[in-house]
Amino acid sequence: MTRADFQRLIDDKTKPIGSLGRFESLAVQAAAILGDMTPSNASASLTIFAADHGIAAQRVSAFPQEVTGQMVANFLAGGAAANVIAAQFDIPMTVVDCGIAHPPRRRDALVDLSLGGGTADSSTGPAMSPETARKAIAQGRQFASGIESKIVCFGEMGIANTSAAALLAHKLSGISVAELVGRGTGLDDTALSHKQEVLEHAAARTGALAPIEALAEVGGFEIGTMAGAMVGAGTSNKLVVVDGFIATAAAALARAIEPDCERTFVYAHRSAEHGHRTLLDWLEAEPLLDLDMRLGEGTGALLAVPIIHAALSLFGMASFSQAGVSGAPPIS
Ligand SMILES: O=C(O)c1ccc[n+]([C@@H]2O[C@H](COP(=O)([O-])O)[C@@H](O)[C@H]2O)c1
Ligand SMILES: Cc1cc2nc[nH]c2cc1C
């Protein structure tokens, strides 16, 4: 069935046409991508891609680099926000090491796709080689081919990755660095203007860049791997739930690499990170939620899952003829 077929089904349900707004378009998008209207068939999962960033050395984050590995240990122990929300919805969670500088000792529960102990500092040179950038995309695609669930939530963890995401979004979109730089984990005004200087300097190192070159120049390992996974999941007709600012930068990269995968993306929420609104507007994306969240980890994406399931449940409504409800008379 095509998107138009699912749209006809929804239009024939017992409600004024369009009265459930974007909730209806979500139902049509989800059913068309999954080829299935049954909520219980639409299993969901969360993958958190984690990595470190050399640009953290420039004091662009409110937290030290060790926190990436420490939070990954917290994910494995079940203590993070992502864990408790995922548990609430019975959503299984996988954590992928894409290049953590100080990984936890208990590595057995991690998927190991490490590309090194963090990227190089992109304010002084390329974050990674073009070969590593291509490897990040390829390993993400490969990883996605092993995901069994139909709805895939992608989140991330990486100290200083709002810097990498802002620079990548700048290179892909041409939006100014000033419009994309934000407080991340909670910088004060002084630290924010320092971050902006560092990012302006990093951006000025290079001119216009092709997508893979942009990933190589500004990073990061988890963003590239997530972008590859978005391409892979999208091309195999999974519904890709995009989380906050960093995940949206990965989605912009995925779209630049494979434009067709965009139709499978659901933007879960508008993060409070300055720049997310501008980036979403540039992508012409309207997120489902706006809860002032700015945590990452896939927490916003998880909250979208019950909304997607509820949207699919609309296909269980009675049609006008089934319920004996008179349709609207044609407007002359
Ligand atoms: O998802 C978002 O919109 C978001 C906004 C701000 C911060 N974060 C999280 O905070 C970390 C990056 O912040 P920072 O200040 O270290 O660049 C990283 O682990 C992200 O998951 C996430
Ligand atoms: C504590 C903490 C938790 C996070 N989760 C995602 N990014 C994070 C950054 C910090 C600092």
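Out of all the residues in region 60-118, which are in a helix (DSSP H, G or I), touching a residue at least 60 places away in the same chain (Cβ under 8 Å), over 27 Å from Lys195 (Cβ atoms) and not small (Gly, Ala, Ser)?
Within region 60-118, Ile85 is the sole residue that qualifies.
Kindly provide the set of residues from region 130-160 that are within 16 Å of ligand 1 (Cβ to nearest atom) and more than 23 Å from Ala304 (Cα to Cα), ordered by number. Walk me through it before giving the result.
As a first pass, look at region 130-160 and keep what is within 16 Å of ligand 1 (Cβ to nearest atom): 153-160.
Those that are within 16 Å of ligand 1 (Cβ to nearest atom) and more than 23 Å from Ala304 (Cα to Cα): Ile159, Ala160.
Restricting to region 62-94, count the residues that are buried (at least 24 other Cβ atoms within 10 Å of the Cβ), farther than 19 Å from Asp112 by Cβ and within 11 Å of ligand 1 (Cβ to nearest atom).
The number of residues fulfilling the criteria is 1.
In the set Val231, Val198, Val240, which member is touching a residue at least 24 places away in the same chain (Cβ under 8 Å) and not in a helix (DSSP H, G or I)?
Val240
For Pro287, are the conditions met, namely being more than 16 Å from Lys238 (Cα to Cα) and out of contact with any helix residue (DSSP H, G or I) (no Cβ under 9 Å at 6 or more places or on another chain)? Let's see the steps before the verdict.
Details: more than 16 Å from Lys238 (Cα to Cα): yes; out of contact with any helix residue (DSSP H, G or I) (no Cβ under 9 Å at 6 or more places or on another chain): no.
No: the conditions fail for Pro287.
For Ser271, state whether it is small (Gly, Ala, Ser) and outside the structural domain of Gly78 (by TED's automatic domain parsing).
Working: small (Gly, Ala, Ser): yes; outside the structural domain of Gly78 (by TED's automatic domain parsing): no.
For Ser271, the condition - small (Gly, Ala, Ser) and outside the structural domain of Gly78 (by TED's automatic domain parsing) - is not met.
The values are calculated or read from the model by the stated rules, or taken from the named source; none is laboratory data. What you see is a predicted model, and the numbers here were worked out from it, not measured in a lab. Because the Cβ atoms are built from the backbone with ideal geometry, glycine has one as well, and the counts that use them run over all protein chains shown.
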